[in-house]
Amino acid sequence: MLNPWMRRNPIRPRRNKKQVEFLMDTDRREILYGGAAGGGKSEALLMGALQYVEVPGYAAILFRKTYADLALPGALMDRAFEVLGGTGAHWNGTDKTWTFPSGATLSFGYLEQENHRFRYQSSEFQYIG
C-alpha cells in the first residue's frame with residue numbers, strides 16, 4: 001500500500017506490474033530491476049524514493065552516470081519537477097535536493113568518474129537508486 005503522501009500526489013505505478021512488484025518488495029535490501037528502454041524503471045526509482053518522505057530524517061538519493069543524464073528533458077530531475085511542483089517540497093538547485101515539509105530529502109547525484117564516489121562518503125541515505 002502506498003503511503004499517504006503518495007496517494008495525494010500524481011505519481012503512481014501505472015506502466016506495468018513490475019513497477020508495483022518493485023515498490024512492494026520491502027523484504028529485500030537490494031532489488032535489481034532491468035529491461036528495455038521505456039519500461040518504467042526510472043519512474044519506479046523515483047516512486048520508491050518518494051515513499052517515505054513524510055518520515056523526518058529520511059534521505060533518498062538517485063544516481064545517474066552524468067549530470068546530463070539527470071537533467072535531460074524527461075529524465076529523473078525533470079520528472080521530479082513535474083511531480084513535486086506545488087506539493088510543499090522545496091528545490092535547492094545548488095545541492096540538487098528536494099526538501100519536504102517533514103525535513104526528509106530527495107537528492108540527485110552522478111558518478112561520471114571513479115573519484116566522484118568520494119563526494120558521497122559519510123552521507124546517510126535510507127534509499128539509494
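The values are calculated or read from the model by the stated rules, or taken from the named source; none is laboratory data. All values reported here derive from a predicted model rather than from experimental measurement. Every residue, glycine among them, receives a Cβ derived from its backbone with ideal geometry; neighbour counts consider all protein chains shown. The protein model used for the area step is the full one, side chains on, heavy atoms only, and it has no ligands, DNA or RNA in it. Shrake-Rupley method; radii C 1.70, N 1.55, O 1.52, S 1.80 Å.
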Within region 94-128, residues being within 16 Å of the chain's Cα centre (by Cα) and open to solvent by less than 30 Å² (accessible area, probe 1.4 Å) number 8
Of the conditions (1) touching a strand residue (DSSP E or B) at 6+ places or on another chain (Cβ under 6 Å); (2) in a loop (DSSP other than H, G, I, E, B), the single one that residue 98 does not satisfy is (2)
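List the helices (runs of 4 or more DSSP H) that sit entirely inside region 18-92 and contain at least 1 residues that are modelled with pLDDT under 80, basic (Lys, Arg) and buried (at least 16 other Cβ atoms within 10 Å of the Cβ). Can you show your working first?
Numbers: elements: 41-50, 67-71, 76-84.
So the answer is 41-50.
Regarding residue 99, is this residue β-branched (Val, Ile, Thr) and modelled with pLDDT under 95?
Details: β-branched (Val, Ile, Thr): yes; modelled with pLDDT under 95: no.
Against the criterion (β-branched (Val, Ile, Thr) and modelled with pLDDT under 95), residue 99 does not qualify.
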